[in-house]
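Please read the structure below before turning to the comments.
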Amino acid sequence: METCVPADTSLLAGIHIERLRGTAAYRDLPPTAKSLLESAGNADYVMLASNGNDILLIARGQFHGAPVPGAVLLSPALALSGPPSAIQAATAQHATGKTASALLTRAGPIEGRDIWAVMRGGTPLPLISEPGNIGRLLRFADYATLTATVSSTIEIQASALCPNGDAARQLEETLRGLISLAAAAIRDTKQAALIRSIRLRRQDTTVDLELSATMTALAGLLR
């Protein structure tokens, strides 16, 4: 799968679908996210690669024909889905037999999590129609990672590697301010308490964030 990731990828994510199917978290996914995963057919693991414009889906499973119309099978266990230009780039990269994206190295320590993502700072977020503050926060970082471990709750961990200590301090202070403002602006006491439960920590040039919540609670915040 890794050899299919195009060199210009600026956001890379992985989802172990076989671990999530049938869980309450999967059932409560936002429609856009669920539709994207269902486009992978009966895949057990998918990777999403974006260059800021196109989204490429790389799926691993046992396929008997293309999982969805327009998908391309590279082998009975490997399929690609997305815009023609993205599929063409992935097919050409796969033919070299080599990996090209630097994000794969960054993903190494976290790719065993149920859900994971790694992105370059300032990367557009193609799955979020109004990235707003999230996009601005990413400008403080060289790289950022996000992981989620799913059980009865979802354990979320995010980490941003900043270019220097000053950028890390600005990111931490901005995050704390946004968390306080968001909690104060929400009338729902449970949602406000969930926001206040976000844990932040800064060490040198790294800022870490942790949150534990149910998918239903998270979906309520994202509406």
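The values are calculated or read from the model by the stated rules, or taken from the named source; none is laboratory data. Just so it is clear, the model here is predicted, and its values are computed rather than measured. FYI the Cβ positions are ideal-geometry reconstructions off the backbone, even for glycines, and counts take in every protein chain you see.
Based on this model, can you work out whether Ser159 counts as at pLDDT 90 or above and more than 21 Å from the chain's Cα centre (by Cα)? For Ser159, the condition - at pLDDT 90 or above and more than 21 Å from the chain's Cα centre (by Cα) - is not met. Restricted to the stretch 19-122, the set of helices (runs of 4 or more DSSP H) holding at least 3 residues that are closer than 30 Å to Asp208 by Cα, under 14 Å from the mean Cα position of the chain (by Cα) and modelled with pLDDT of 85 or more comprises 103-107. Would you call Arg199 within 21 Å of the chain's Cα centre (by Cα), of a type outside the set (Ser, Thr, Tyr) and either loosely packed, with under 13 Cβ neighbours inside 10 Å or over 23 Å from Ala24 (Cα atoms) (or both)? Spelling it out, Arg199 is indeed within 21 Å of the chain's Cα centre (by Cα), of a type outside the set (Ser, Thr, Tyr) and either loosely packed, with under 13 Cβ neighbours inside 10 Å or over 23 Å from Ala24 (Cα atoms) (or both). Of the residues making up the stretch 1-57, those that are surrounded by fewer than 15 Cβ atoms within 10 Å (Cβ to Cβ) and among the hydroxyl-bearing types (Ser, Thr, Tyr) are Thr32, Ser35.
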